[in-house]
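Engineer: Before we start, here is the structure in question, set down as structure tokens.
The values are calculated or read from the model by the stated rules, or taken from the named source; none is laboratory data. None of the values given here were measured: they were computed from a predicted structure. All Cβ positions, glycine included, derive from the backbone under ideal geometry; neighbour counts span all protein chains shown.
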Amino acid sequence: MWTSRQLRSGLRRGALALLVVVACSWVSLYLDSVHQRRKAERLISDLKSFPFATAGFAAVRELAERYGGTAIQQFPPLEFPSYGLPFADSSGHVHMPVLEGGGPTCTVRNCAFEIWILPQPSRAGFEYRANILPLMSVLAHLGISPWAVYSSFEVAGGGLNASLTVIGHVSSATLGRYAGLVTLEYDAVSTARPVPGYADYYVGAPHVTGSPTEILSTHFVQASNAPTRRAFDVNLHCVTAVWRGCRGLKELAPSAWADYQSELTKK
């Protein structure tokens, strides 16, 4: 039988052990977030000088592979086809069915690539979408702001046809009368040809309904003089700020935000 003194001592040791485990887990999650943020910063830096106007399959694939990206479309077989299980027809002849892929084929003229960079907790949230909102909320209240960076590239006719880079971040911010957790999203979109009715470079803020979300979107035409440095002027350092996060799109994408505000004053 345990005495009351032994029981209290055991509870204190258990509480201390639990506290150590929680602290170590928090430090591990935070360091992983910082590590992934630095990787994302290198990607953004490369995108500032990426040759969007002249890039083809090789340049896009090299960029994707550098950051662990993959081709969305499947590659064709190089040597031998894939065969299914043999079967016999009504005459007793054995056939070997050739298996075909279930999606579009990636070639040097037409292919699509994507890159994901995000810390481990955010990755788990995307894999189990039913739990993503509670998980994001818990992480934010623990001082580790969830975030993710996604880039996709479409090669068509041998050249880069379009690209999309999305930076998502859950942070404490204020939207009108609401103050609390807000999803901040910044999109940088490039196209090989101008969009009818729009300038070669413009910034907009799509209206969002539903959960508290603030989005800013930059579009530019892939030209040699395209303002890619402004489009990818992104402050990722604030996404790992402990118990703070980015205070809004003005801090997350300062140049795009300034351009958007400038456009508003002209209207």
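Engineer: Regarding region 244-257, can at least one residue be identified that is touching a Phe, Trp or Tyr at 6+ places or on another chain (Cβ under 6 Å), among the charged types (D, E, K, R) and closer than 23 Å to Ser145 by Cβ?
Structural biologist: yes
Engineer: If I ask for residues that are among the basic types (Lys, Arg) and not in a loop (DSSP other than H, G, I, E, B), which ones from region 235-251 would you list?
Structural biologist: Selection gives Lys250 alone.
Engineer: Among the residues of region 214-233, which ones are among the hydrophobic types (A, V, I, L, M, F, W, C) and more than 20 Å from Tyr150 (Cα to Cα)?
Structural biologist: Ala223, Ala226
Engineer: Another question, then. Which ones in region 115-162 are closer than 21 Å to Thr70 by Cβ, buried (at least 22 other Cβ atoms within 10 Å of the Cβ), at pLDDT 65 or above and not hydrophobic (A, V, I, L, M, F, W, C)?
Structural biologist: Correct list: Pro119, Ser151.
Engineer: Also, quick follow-up: Among the residues of region 190-217, write down those that are surrounded by 17 or more Cβ atoms within 10 Å (Cβ to Cβ), over 17 Å from Lys266 (Cβ atoms) and either in contact with a His (Cβ under 7 Å, 6 or more places away or on another chain) or hydroxyl-bearing (Ser, Thr, Tyr) (or both).
Structural biologist: Matches in region 190-217: Ser190, Thr191, Ser217.
Engineer: Give the residues of region 163-201 that are at pLDDT 90 or above, of a type in the set (A, V, I, L, M, F, W, C) and farther than 16 Å from Val234 by Cβ, sorted by residue number.
Structural biologist: Selection gives Ala192, Ala199.
Engineer: Could you grab the pairs with beta carbons closer than 8 Å, sequence gap of 6+ or different chains, first residue in region 231-260 and under 10 Å from Tyr186 (Cβ atoms), second one assigned to a loop (DSSP other than H, G, I, E, B) and hydroxyl-bearing (Ser, Thr, Tyr)?
Structural biologist: Cys246/Ser145
Engineer: What pairs can you find where one residue is in region 19-35 and at pLDDT below 70, the other is aliphatic (A, V, I, L, M), and their Cβ atoms are less than 9 Å apart, with a gap of 6+ or different chains?
Structural biologist: Sorted first by the residue in region 19-35, then by its partner, the pairs are Trp26/Leu142; Trp26/Ile144.
Engineer: Within the bounds of region 208-225, is there any residue that is under 24 Å from Arg42 (Cβ atoms) and of a type in the set (A, V, I, L, M, F, W, C)?
Structural biologist: Yes: one or more hits.
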